[in-house]
1. Count, please, the residues in region 25-46 that happen to be under 18 Å from the mean Cα position of the chain (by Cα) and β-branched (Val, Ile, Thr).
2. Given (1) open to solvent by 90 Å² or more (accessible area, probe 1.4 Å); (2) in a helix (DSSP H, G or I), where does Ala34 come up short, assuming only one miss?
3. Filter region 4-18 down to residues that are open to solvent by 40 Å² or more (accessible area, probe 1.4 Å) and of a type in the set (A, V, I, L, M) and give me whichever is modelled with the lowest pLDDT.
4. Could you go through region 41-60 and let me know if any residue there is open to solvent by 90 Å² or more (accessible area, probe 1.4 Å), basic (Lys, Arg) and at pLDDT below 90.
Amino acid sequence: MSARLSPERDQRLLALDFIAELGDQLVITGAAIAAAASAENVGVIEVALRQARAVVVDAIGEFKSLPPQEDGGAL
């Protein structure tokens, strides 16, 4: 017997995967911020912070667009 996912659950899993990828981008941006701070490069820090903000805004938008869970529980 194989478990079949509903289209809503498929969409939810894809959205959560996208959010996870955004988290990976935040890690990379955080490393850039740390390196720029060590080098006292304010210009790079500003660019990295703007990028981090854009990633967070994208993640929030994606999270808000998630369809509600059918069972009200965890994935």
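1. Of the residues in region 25-46, the ones under 18 Å from the mean Cα position of the chain (by Cα) are 25-33.
Among the residues that remain, those that are also β-branched (Val, Ile, Thr) are: 27-29, 33.
Counting residues in region 25-46 that are under 18 Å from the mean Cα position of the chain (by Cα) and β-branched (Val, Ile, Thr) gives 4.
2. Unmet condition: (1).
3. Step one: list which residues in region 4-18 are open to solvent by 40 Å² or more (accessible area, probe 1.4 Å), which gives 4-5, 7-11, 13-14, 16-18.
Still in the list and also of a type in the set (A, V, I, L, M): 5, 13-14, 16.
On the way: Leu5: 67, Leu13: 88, Leu14: 88, Leu16: 87.
Only one residue tops the list, namely Leu5.
4. no
The values are calculated or read from the model by the stated rules, or taken from the named source; none is laboratory data. These numbers were taken from a predicted model, which means no experiment stands behind them. Calculation scope for accessible area: heavy atoms of the full protein, side chains included, ligands and nucleic acids excluded. Shrake-Rupley method; radii C 1.70, N 1.55, O 1.52, S 1.80 Å.
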